[in-house]
Amino acid sequence: MIAKTLTENMPSTEDVLHALGLQYERTVGSFFAIVAAFAVGAFTGAVVAMLATPRSGPEVRRALGERVSELGSQVSERLGTRSAGAS
């Protein structure tokens, strides 16, 4: 009963932001910023994991170079497909 009373008397997020002169707005841009931050974090984690593996330096560099090359090919293919489809 006390918890319910406390929850009912607490200001909402909108009330707190309004009191600070701010407003809560979720836009498509903020969604893409979150997705981009996640992608950068995932990529960084993958690179750190590859560098922390018990392989020799040349093996790691070769594997990393192959993966970057594959990724570049995939991006080129997709961009080529999009630009051909857009024309």
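What follows draws every value from the coordinates through simple rules; no lab data is involved. The structure presented is a predicted model; accordingly, all values stated were derived computationally and were not measured. FYI the Cβ positions are ideal-geometry reconstructions off the backbone, even for glycines, and counts take in every protein chain you see.
Return the pair list, or none, for Cβ contacts closer than 8 Å from residues in the range 42-53 that are without any contact (Cβ under 8 Å) to a residue 12 or more places away in the chain to residues that are part of a helix (DSSP H, G or I) and not aliphatic (A, V, I, L, M), at least 6 apart or on different chains.
Pairs found: none.
Which residue, of A49, A36, A63, is in a helix (DSSP H, G or I) and surrounded by fewer than 10 Cβ atoms within 10 Å (Cβ to Cβ)?
Answer to the check: A49.
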